[in-house]
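Asker: Handing you this structure, nothing more for now.
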Amino acid sequence: MRFFEGQDVVAFISDKSMDFQPTDFDAPLLLKQREYLKKECSLDVPFVFWRKQVHGDDVLVAKDSPRSASGCPDADAYVTCQSNLPLAIRTADCVPILFFDPVKHAIGVAHAGWKGTHKEIALKTIERMKNVFGSKPEDIQVVLGPSIQPCCYQVGEEFRQYFPNEIIERAGKLYVDITKSNYKQLLKAGIKKENIKNTGICTCCNPKYFSFRRDAEKSGRMISLMVLL
Ligand SMILES: [Zn+2]
């Protein structure tokens, strides 16, 4: 799925047709992954800036080249204002969030599982874009990509304390809507409603996507990739 088309950015979220689960974060992408991205994005991406995702709330500022990621700590969100520096995260149920500021020419990607959502990683990514690039929230466009939705995201009682306003009770079971929590963070940060695209796709009940909840250890990972042109 491509987003922000016609602007000077490539923003892409893959589906199940290619697995982007890396074994080595410092290695180049596999040839078959590069070929796939060439076809989908018309872009050759030998390396991406990414680290091990740890369900935290650190936001890294990417600089120089994608290979500079090798010296960086583990983190779940990356921002840059540099052209030709591809940023990427992987998901299989967690919420991939894409940020694009066409005015300051800056981008960000964030991986928000329930822990990152609870730690407000979306809000913190926007704060970072404000502080580092001078971005204004009203200029930033955001995508909430495919992730597990409340139709499938059954959780335990302890989630009432983490997401008191995003819990749904159905037939004596609890479900949580973490996309909604992220959406609220975006509004709180000053993002305009009309600049938020929520795909609303559930990875767990849509067989086109990888889902950890559905496939457990057999699940691959989708890539969310952004590159400023
Ligand atoms: Zn579902």
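The values are calculated or read from the model by the stated rules, or taken from the named source; none is laboratory data. Bear in mind that the values here come from a model prediction, so they are computed numbers and not experimental data. Here the Cβ is made from the backbone with ideal geometry for all residues, glycine too, and neighbour counts use every protein chain on show. Remember, those area values only see protein heavy atoms, side chains included, never the ligands or the DNA or RNA. Shrake-Rupley method; radii C 1.70, N 1.55, O 1.52, S 1.80 Å.
Asker: Quickly run through the range 188-211 and pick out the residues that are surrounded by 14 or more Cβ atoms within 10 Å (Cβ to Cβ) and in a helix (DSSP H, G or I).
Answerer: Scanning the range 188-211 gives a single hit, 195.
Asker: So is residue 69 more than 18 Å from residue 221 (Cα to Cα), open to solvent by less than 40 Å² (accessible area, probe 1.4 Å) and small (Gly, Ala, Ser) or not? Show your work before the answer.
Answerer: On the way: more than 18 Å from residue 221 (Cα to Cα): yes; open to solvent by less than 40 Å² (accessible area, probe 1.4 Å): yes; small (Gly, Ala, Ser): yes.
Taking the combined requirement at face value, the residue satisfies it.
Asker: I need every pair where a residue in the range 146-157 that is in contact (Cβ under 8 Å) with a residue 60 or more places away in the chain has its Cβ under 6 Å from the Cβ of a residue that is open to solvent by 20 Å² or more (accessible area, probe 1.4 Å) and more than 7 Å from the ligand (Cβ to nearest atom), sequence separation at least 6 or different chains.
Answerer: 146/199; 146/201; 148/213; 153/175
Asker: Within the range 88-116, count every residue that is over 28 Å from residue 216 (Cβ atoms) and assigned to a strand (DSSP E or B). Spell out how you get there, then give the answer.
Answerer: Pass one, the range 88-116, residues over 28 Å from residue 216 (Cβ atoms): 99-108.
Checking the rest, the ones that are also assigned to a strand (DSSP E or B) come to 99-101, 106-108.
Counting residues in the range 88-116 that are over 28 Å from residue 216 (Cβ atoms) and assigned to a strand (DSSP E or B) gives 6.
Asker: How many residues are more than 16 Å from the ligand (Cβ to nearest atom), within 22 Å of residue 7 (Cβ to Cβ) and crowded, with 19+ Cβ neighbours inside 10 Å if we restrict to the range 139-164?
Answerer: Number satisfying all stated conditions: 4.
Asker: Looking at the range 9-47 only, could you name the residues that are over 19 Å from residue 65 (Cβ atoms), part of a loop (DSSP other than H, G, I, E, B) and open to solvent by less than 70 Å² (accessible area, probe 1.4 Å)?
Answerer: 14, 15, 18, 19, 20
Here's the yes/no breakdown for (1) touching a helix residue (DSSP H, G or I) at 6+ places or on another chain (Cβ under 6 Å); (2) away from the ligand (no atom under 16 Å from the Cβ); (3) aromatic (Phe, Trp, Tyr); (4) modelled with pLDDT of 95 or more:
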{"residue": "166", "(1), (2), (3), (4)": "yes, no, no, yes"}
{"residue": "189", "(1), (2), (3), (4)": "yes, yes, no, yes"}
{"residue": "200", "(1), (2), (3), (4)": "no, no, no, yes"}
{"residue": "217", "(1), (2), (3), (4)": "no, yes, no, no"}
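Asker: Out of curiosity, is residue 159 farther than 23 Å from residue 177 by Cβ and among the hydrophobic types (A, V, I, L, M, F, W, C)?
Answerer: Here the answer is no, as residue 159 does not meet what is asked.
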